[in-house]
Amino acid sequence: MKKITILLLVLNFQLALAQNYTEYLTGSATDVSTNHQSGICLMGGAAEKDEAMVWFLEKADGGDVVVLRASGSNGYNNYFYSELGVTINSVRTFVIHNEAGATDPYVLQSVQNAEAIWFAGGDQYDYVSLFKDNALEDALNEFINTKQGVIGGTSAGMAILGNYYFTAQNGSITSDQALANPYHSRMTFGFNDFLQIPYLENVITDSHYDDPDRRGRHVAFMARYATDHGVRPFGIACNEYTAVCVEPNGDAHVFGEYPQYQEFAYFLQGNCVANFAPETCTPGTALTWNRNEEAVKVYKVPGTDNGTHYFNIADWRTGSGGTWQSWYVINGNFNSISDTNPNCALTVDEAENSLVTVYPNPFSDQIQILSLSQNLDITMYDMLGKQIAVSLAADGTIDTRHLSSGLYVLKVASERSYKTFRLIKE
């Protein structure tokens with residue numbers, strides 16, 4: 001009887017551990033290492049776009065895919081493993097039930113071993129509550145920035161990928177509500193405290209953009225960011241059946257079924273002028289962000305099966321296949337007009353009143369750095385993480401003639417600011 005009691009206690013303990021998460025495995029249980037690539041895939045929230053998912057899986061180069069979710073089951077396993085024609089080693093879906101499940105050593109090891117990580121839909125506040133400020137957050141950021149694997153998500157999974165993100169802690173919010181009061185109780189955000197994804201600094205994402213129309217609330221999100229943090233804001237959005245796939249050089253290709261369907265992605269940025277902030281963004285008052293009808297510059301890109309059209313989010317200026325618009329809000333009323341692209345210099349820290357400016361991007365023979373600071377610490381790396389020898393001349397230039405074409409990471413530190421950002425050598 002005593003042995004039976006002990007056995008039952010052991011079984012109950014094991015069951016309690018298992019209830020912290022549920023795992024679904026398709027494919028091999030043996031880990032492999034491959035020549036994977038980095039990338040970002042943002043999905044609009046309805047049915048997945050197969051061509052974008054093929055792009056995502058091919059980045060794994062035959063490796064292991066981990067799907068993280070807080071509800072649902074194994075809907076991605078067979079889809080990823082056998083329905084898209086891309087050979088991969090395995091798909092592991094973890095449905096995380098609590099923080100103990102998120103920080104379980106087996107879950108953490110699976111994230112570290114993965115070559116691709118996908119966040120499913122659901123409620124993004126579940127992800128914020130369970131995945132943030134713990135060992136899983138650390139593992140995800142190491143995967144993104146050290147291992148440099150491909151990462152992506154749909155709907156709620158897309159919502160958490162920006163450096164600035166809508167938490168939905170108090171539920172979702174409509175465009176009308178957000179424009180009528182940008183400090184509505186449901187306007188809850190996180191900033192620079194979760195996932196650190198290259199190119200998504202100062203970016204807030206939104207999905208399901210066309211059902212219902214979420215342009216107004218997205219502008220209100222950005223208005224809050226500009227007001228609360230003093231930083232020129234950026235945004236990326238997808239219609240429901242549209243996907244954005246970002247290459248290591250910053251080219252964000254848009255997948256969809258245009259012109260059969262009105263499937264677009266949107267790349268938003270506060271206009272690059274000195275007075276970019278909203279005229280009126282206060283609690284209980286309708287938003288006004290007009291700035292001569294140029295508050296937010298938007299590149300609207302139709303999605304195609306092969307993802308031909310793109311916008312580059314390394315420079316936020318160049319693209320193909322899209323059209324420029326300006327969006328603005330007067331007394332809570334959203335407006336959109338056709339316009340031209342902004343003419344912006346890339347800044348290292350716009351929050352510090354443009355104390356440091358770096359241009360051009362892309363560059364060829366040299367990079368110019370303008371700064372009010374007399375003491376700058378400059379470091380530069382290639383995309384493999386190898387430090388590149390560069391020196392800052394007295395006139396603020398860096399000679400780059402010895403560099404090969406490609407993407408580079410430049411870190412500039414001054415007394416008042418520090419920023420890592422990416423430059424392209426032509």
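The values are calculated or read from the model by the stated rules, or taken from the named source; none is laboratory data. What you see is a predicted model; the values in this text were computed from it and never measured. Neighbour counts are summed over all protein chains in view; Cβ atoms, including those assigned to glycine, are modelled from backbone coordinates with ideal geometry.
General remarks:
- Residues of the range 206-231 satisfying the condition of being assigned to a loop (DSSP other than H, G, I, E, B) and closer than 18 Å to Ser336 by Cα: Tyr209, Asp211, Pro212, Arg214
- The combined condition, being closer than 16 Å to Val67 by Cα, in contact (Cβ under 8 Å) with a residue 12 or more places away in the chain and under 14 Å from the mean Cα position of the chain (by Cα), is fulfilled by Leu161.
- Condition met for Ala237 (in contact with a Lys or Arg (Cβ under 6 Å, 6 or more places away or on another chain) and under 26 Å from Ile144 (Cβ atoms)): no
- Residues of the range 293-320 classified as among the hydroxyl-bearing types (Ser, Thr, Tyr) and either assigned to a loop (DSSP other than H, G, I, E, B) or within 17 Å of Pro360 (Cα to Cα) (or both), total: 2
- Taken over the range 41-54, the criterion of being surrounded by fewer than 22 Cβ atoms within 10 Å (Cβ to Cβ), within 21 Å of Ser90 (Cβ to Cβ) and not acidic (Asp, Glu) is satisfied by Val54 alone.
- Unmet criterion (only one of (1) closer than 30 Å to Glu51 by Cβ; (2) surrounded by fewer than 21 Cβ atoms within 10 Å (Cβ to Cβ); (3) of a type in the set (Ser, Thr, Tyr)) for Thr285: (1)
- Annotation note: of Gln109, Gln148, the sole residue that is within 30 Å of Val409 (Cβ to Cβ), surrounded by fewer than 17 Cβ atoms within 10 Å (Cβ to Cβ) and either assigned by TED's automatic domain parsing to the domain that holds Ile197 or modelled with pLDDT under 95 (or both) is Gln109.
- Helices (runs of 4 or more DSSP H) enclosed by the range 76-146 - at least 2 residues per element that are closer than 23 Å to Leu200 by Cβ and polar (S, T, N, Q): 124-131
- Residue in the range 338-348 that is in a loop (DSSP other than H, G, I, E, B), buried (at least 19 other Cβ atoms within 10 Å of the Cβ) and out of contact with any Phe, Trp or Tyr (no Cβ under 7 Å at 6 or more places or on another chain) present: no
- Selection from the range 232-246 of residues that are buried (at least 20 other Cβ atoms within 10 Å of the Cβ) and in a loop (DSSP other than H, G, I, E, B): Arg232, Pro233, Asn239, Tyr241, Thr242
- Test: Asn312 is surrounded by 14 or more Cβ atoms within 10 Å (Cβ to Cβ), at pLDDT 90 or above and not hydroxyl-bearing (Ser, Thr, Tyr): yes
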